[in-house]
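Colleague: The following block contains the structure, expressed as structure tokens.
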Amino acid sequence: MALGLRSLILKSDWNSAQYLKFGDQRTIPVRDLLAKVPLTAPKRVIDLGCGPGNSTALLKERYPNAQITGMDSSTEMLEKARKTLPDLNFIQADLESYQLEQPADLLFSNAVFHWLPTQQRVPIMQRLLEKQAPGGVLAIQVPDNADEPSHSMMRETAQQGPWKTELEKRKPALSRFPTPHKLYDALKPLCSSVDIWKTNYFHVLENHRAIVEWVKGTGLRPFLDPLPNHQQERFLQLYHEKLQRAYAPLKDGKVMLRYPRLFVVAVRA
Ligand SMILES: C[S@@+](CC[C@H](N)C(=O)[O-])C[C@H]1O[C@@H](n2cnc3c(N)ncnc32)[C@H](O)[C@@H]1O
């Protein structure tokens, strides 16, 4: 097909290879979150939503003597994580029902909580913190990019094709995360400190198709998964055209993807 977008068609479930195409850029916020964790030698660390193990590997690098467990609900992601880090412990579980068997010194979660149902995000944080011992840390990062063209163009494309009715039923767009104000108010009663900040990342990518490739591993999945292949192709074409209009090329022909992210580091009282 014209744009060569056929190769972009998705399988359902997470696809670790697709996700890791931009593994280096995706892992920068893991380093930034980790740098703000106020622990020097935690004994027990859990990587909630460890994905293919990229965040888990950095936890191991920073805390080589800790007992580190990666947990995730995706079989495919866990398979990749176990292959990459055969010495670490990985478990399959769903954060929605996950219960800590014993407190962990650090609960770390990069790019996961926004995938949880809207109403459950804060209660799950509270439930996890309640089980933490004093000084235990919950460290979270989530994308804060709902209003970026990369994401508003997904919603716009969803409204403009034969898939409109189907996608309206499914509401594929991830809902906005609670504001820093709400997060602080919800977590502070359990914590001695709650630090919240946002960072804008500016990723320079080869072209507009690279933006499609990037979000195809994450935010586009719920839009494409319900559609038959031929509609996925058309959706991607329209979305790509919109991105070409929304992101002006840099002088060297590349494009700059602005990517805001929200960070929370909460320490149990
Ligand atoms: C964007 S990836 C993040 C992977 C890794 N933490 C990183 O830093 O790149 C999101 C991961 O969250 C996992 N996930 C989403 N919802 C989950 C849930 N309810 N329970 C456990 N894992 C979940 C997905 O399977 C996926 O591996």
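The values are calculated or read from the model by the stated rules, or taken from the named source; none is laboratory data. Computed from a predicted model, the values in this text were never measured in an experiment. Here Cβ is always computed from backbone atoms with ideal geometry, including for glycine, and neighbour counts include all displayed protein chains. The area values use the complete protein model at the heavy-atom level, side chains included, leaving out ligands, DNA and RNA. Shrake-Rupley method; radii C 1.70, N 1.55, O 1.52, S 1.80 Å.
Colleague: For region 251-264, give me each residue that is open to solvent by 60 Å² or more (accessible area, probe 1.4 Å) and either part of a loop (DSSP other than H, G, I, E, B) or without any contact (Cβ under 8 Å) to a residue 12 or more places away in the chain (or both).
Modeller: K251, D252, K254
Colleague: Anything in region 60-88 that is away from the ligand (no atom under 11 Å from the Cβ) and either in contact with a strand residue (DSSP E or B) (Cβ under 7 Å, 6 or more places away or on another chain) or aliphatic (A, V, I, L, M) (or both)? List them, or say none.
Modeller: K60, Y63, A66, Q67, I68, T69, R82, L85, L88
Colleague: Right, next: Filter region 29-44 down to the residues that are more than 13 Å from the ligand (Cβ to nearest atom) and aliphatic (A, V, I, L, M), then identify the one that is surrounded by the most Cβ atoms within 10 Å (Cβ to Cβ).
Modeller: Selected residue: V37.
Colleague: Read through the list (1) modelled with pLDDT of 95 or more; (2) open to solvent by less than 20 Å² (accessible area, probe 1.4 Å), then give the number of the only condition that K80 fails.
Modeller: Only one criterion in (1) modelled with pLDDT of 95 or more; (2) open to solvent by less than 20 Å² (accessible area, probe 1.4 Å) is unmet by K80, namely (2).
Conditions (1) acidic (D, E); (2) closer than 15 Å to V265 by Cα; (3) in contact with a helix residue (DSSP H, G or I) (Cβ under 6 Å, 6 or more places away or on another chain), marked per residue:
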site	(1), (2), (3)
V137	no, yes, no
Q159	no, no, no
K171	no, no, no
S175	no, no, yes
T179	no, yes, no
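Colleague: Among helices (runs of 4 or more DSSP H) lying entirely in region 140-242, which contain 2 or more residues that are at pLDDT below 95, open to solvent by 60 Å² or more (accessible area, probe 1.4 Å) and of a type outside the set (F, W, Y)?
Modeller: Once the helices (runs of 4 or more DSSP H) in region 140-242 are filtered for at least 2 residues that are at pLDDT below 95, open to solvent by 60 Å² or more (accessible area, probe 1.4 Å) and of a type outside the set (F, W, Y), what remains is 164-170.
Colleague: Restricting the search to region 105-126, which residues are more than 15 Å from R176 (Cα to Cα) and touching a residue at least 12 places away in the same chain (Cβ under 8 Å)?
Modeller: Across region 105-126, the qualifying residues are D105, L106, L107, F108, S109, N110, I124, M125, Q126.
Colleague: In region 127-139, how many are in contact with a strand residue (DSSP E or B) (Cβ under 6 Å, 6 or more places away or on another chain) and open to solvent by less than 60 Å² (accessible area, probe 1.4 Å)?
Modeller: 7
Colleague: Another question, then. Working only within region 181-210, note down all residues that are touching a helix residue (DSSP H, G or I) at 6+ places or on another chain (Cβ under 6 Å), more than 16 Å from the ligand (Cβ to nearest atom) and under 15 Å from P260 (Cβ atoms).
Modeller: I196 - this is the single residue of region 181-210 that is touching a helix residue (DSSP H, G or I) at 6+ places or on another chain (Cβ under 6 Å), more than 16 Å from the ligand (Cβ to nearest atom) and under 15 Å from P260 (Cβ atoms).
Colleague: R26: among the basic types (K, R), open to solvent by less than 70 Å² (accessible area, probe 1.4 Å) and more than 26 Å from P260 (Cβ to Cβ), yes or no?
Modeller: The answer is no for R26.
Colleague: Taking R245 as the residue in question, decide whether it is open to solvent by less than 60 Å² (accessible area, probe 1.4 Å), among the charged types (D, E, K, R) and either in a strand (DSSP E or B) or farther than 25 Å from M77 by Cα (or both).
Modeller: Here the answer is no, as R245 does not meet what is asked.
Colleague: Check I124, I91 and return the single one that is within 12 Å of the ligand (Cβ to nearest atom) and either of a type in the set (K, R) or open to solvent by 10 Å² or more (accessible area, probe 1.4 Å) (or both).
Modeller: Residue meeting the stated conditions: I91.
Colleague: Search region 53-65 for residues that are hydrophobic (A, V, I, L, M, F, W, C) and pair each with any residue that is near the ligand (Cβ under 10 Å from one of its atoms) when their beta-carbon atoms are under 8 Å apart and the residues are at least 6 apart or on different chains.
Modeller: Close Cβ pairs (under 8 Å, with a partner that is near the ligand (Cβ under 10 Å from one of its atoms)) amount to L58/T27; L58/V30; L59/D47; L59/F108.
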